[in-house]
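Participant: This is the structure, below, for whatever I ask next.
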Amino acid sequence: MKIITLTSDLGLADHYVASLKGRLYSALGDVTLVDISHQVQAFNIAQAAFFVNNSWKDFPDGTIHFIDVDSTPTVNIGKPELNTYPVIMEKAGHYFVGCDNGIFSLLDGYENADKIVRLDFSSAGLSLKHAVSNIYIPAIQQLLKGKKLQEIGEETEKLRQAYTTRATLGKDLIKGTIIHVDQYGNAIVNITHELFHEVGKGNAFTIFLKSSSYFIDQISDTYSDVATGEKLAFFNENGFLEIAINKGTEGNGGGANRLLGLNVKDIVRVEFHPAGSKDSIQDLFK
């Protein structure tokens, strides 16, 4: 089974996704197209990388992941170092196809990629306005025919770097940022399970949300650890801290984003309270 995942900022209100799939089916024939998301904010490579990072490992080896976000290559005459090239990256038995606009540097483990090649887009008459049809689909065709990457493009070790907000550390403190709010209103924070335990060392803690009046001082295992409508924090299956309301959705009172006023880019603070520290947890809220 030949699987191609699709991640784009094309949206679902227009015909663009259908047109993309039609071109892929017409050119590639018997393949299975799987949507990761087409609701990426326009040109938001960090959000696209978040969706891909949280899903690609669930697919079998040999899967091709096409990322159509800001995917048109650019040519800067006189400044070739500013060019953005179409690339294919092979990693852990998977293939990632897209534009080297910084997004590949946001994919987990990109430093350990097996191979990266740049696709040539200098051919006369090649229209960059139709990069999907003229560059990416032909490259995917060659992958499906079993060609090796070095036969498809020129090997490179350089990828354009993009930088996103990372959790910052202080003494007994992690300051994280909400990086995504899902359809249930759950807020995902860029604090990982590993970082939490590395900094916290098993000490008691308080998670302060947007307002100091909203805080959580325990990590739950499941939503049902708290009563319906109550807030909770847990580490999701991808290892990120998540703030949620048990059974809180837009049709059922609202999720964490609405009830707690949480939005993307909001700060979430985790303060740890080592035994013998100056302030006890009880004193914090007097």
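Every number here is computed from the coordinates shown, using simple stated rules; none is lab data. From a predicted model like this one, the values you see are computed outputs, not experimental measurements. All Cβ positions, glycine included, derive from the backbone under ideal geometry; neighbour counts span all protein chains shown.
Participant: Using a cut-off of under 20 Å, list every residue of the stretch 163-193 whose amide N is near the label point 7 Å from the Cα of F43 along the Cα-to-beta-carbon line.
Facilitator: Residues 163-165 qualify, since their backbone N sits under 20 Å from the label point.
Participant: With point charges of +1 on the Cβ of Lys and Arg and -1 on the Cβ of Asp and Glu, referenced to the Cα centre of the stretch 168-284, which listed residue (T228, I178, N203) lies farthest in the positive direction of the dipole?
Facilitator: Ranked along the dipole, the leading option is I178.
Participant: Contact order normalised by length for the chain, with contacts defined as Cα pairs under 8 Å and 6 or more residues apart; what percent is it? Working shown, then result.
Facilitator: On the way: 542 pairs, mean separation 38.9, N = 286.
Relative contact order for the chain comes out at 14 percent.
Participant: If you count, for each residue, the other Cβ atoms within 10 Å and average over each peptide, how do 103-111, 7-15, 67-75 line up from highest to lowest? Display every interim value, and only then the final one.
Facilitator: Numbers: 103-111: 17.4, 7-15: 15.3, 67-75: 19.8.
The peptides rank, most packed first, as 67-75, 103-111, 7-15.
Participant: How much length is gained on full extension from D217 to N112, taking 0.36 nm per residue of separation minus their Cα-Cα distance? Working shown, then result.
Facilitator: Numbers: separation 105, 0.36 × 105 = 37.80 nm, distance 3.69 nm.
Contour length minus Cα-Cα distance gives 34.1 nm.
Participant: Mind checking the dipole of the chain: about its Cα centre, +1 per Lys or Arg Cβ, -1 per Asp or Glu Cβ, Debye to the nearest 20? Don't jump to the answer; show the numbers that get you there.
Facilitator: On the way: 26 positive and 34 negative charges, 99 e Å.
Approximately 480 debye in magnitude.
Participant: Still on this structure, I have one more. Can you give me the C-alpha center-to-center distance between the stretch 27-69 and the stretch 169-199, rounded to a whole angstrom?
Facilitator: So the two Cα centres are separated by 24 Å.
Participant: So which of K2/K147; K2/K129; K91/K147; K175/K231; K57/K115; K57/K171 end up more than 23 Å apart by C-alpha? Display every interim value, and only then the final one.
Facilitator: Numbers: K2/K147 14 Å; K2/K129 27 Å; K91/K147 16 Å; K175/K231 20 Å; K57/K115 18 Å; K57/K171 34 Å.
Cα-Cα > 23 Å for K2/K129; K57/K171; rest within.
Participant: Related question: Highest mean first, how do 85-96, 36-47 rank when packing is the count of other Cβ atoms within 10 Å averaged over residues?
Facilitator: Numbers: 85-96: 20.1, 36-47: 17.2.
Per-residue mean Cβ counts within 10 Å order the peptides as 85-96, 36-47.
Participant: Give the Debye-formula value of log10 I(q)/I(0) at each listed q (0.14, 0.15, 0.19 Å⁻¹), with one equal scatterer per alpha carbon of the stretch 1-140, two decimals each.
Facilitator: With no solvent term, the Cα-only Debye profile gives -0.62, -0.72, -1.20.
Participant: Could you sort the peptides 192-205, 169-182 by per-residue average Cβ neighbour count (10 Å cutoff), highest mean leading?
Facilitator: For the peptides 192-205, 169-182, the packing ranking is 169-182, 192-205.
Participant: When the Cα atoms of the stretch 183-259 are enclosed in a convex hull and the volume is divided per residue, what value in Å³ results? Let's see the in-between values first.
Facilitator: Values: hull volume 7.4 nm³, N = 77.
Per residue, the Cα convex hull of the stretch 183-259 comes to 96 Å³.
Participant: Taking only Cα atoms of the chain, what ratio of Rg to Rh do you get with Rh as the Kirkwood inverse-distance radius?
Facilitator: Details: Rg = 22.1 Å, Rh = 21.1 Å.
So for the chain, dividing Rg by the Kirkwood Rh gives 1.05.
Participant: Among Q150, A131, Y110, which residue has its Cα furthest toward the positive end of the charge dipole of the stretch 3-155, with +1 on Lys/Arg Cβ and -1 on Asp/Glu Cβ?
Facilitator: About the Cα centre, the residue reaching furthest to the positive side is A131.
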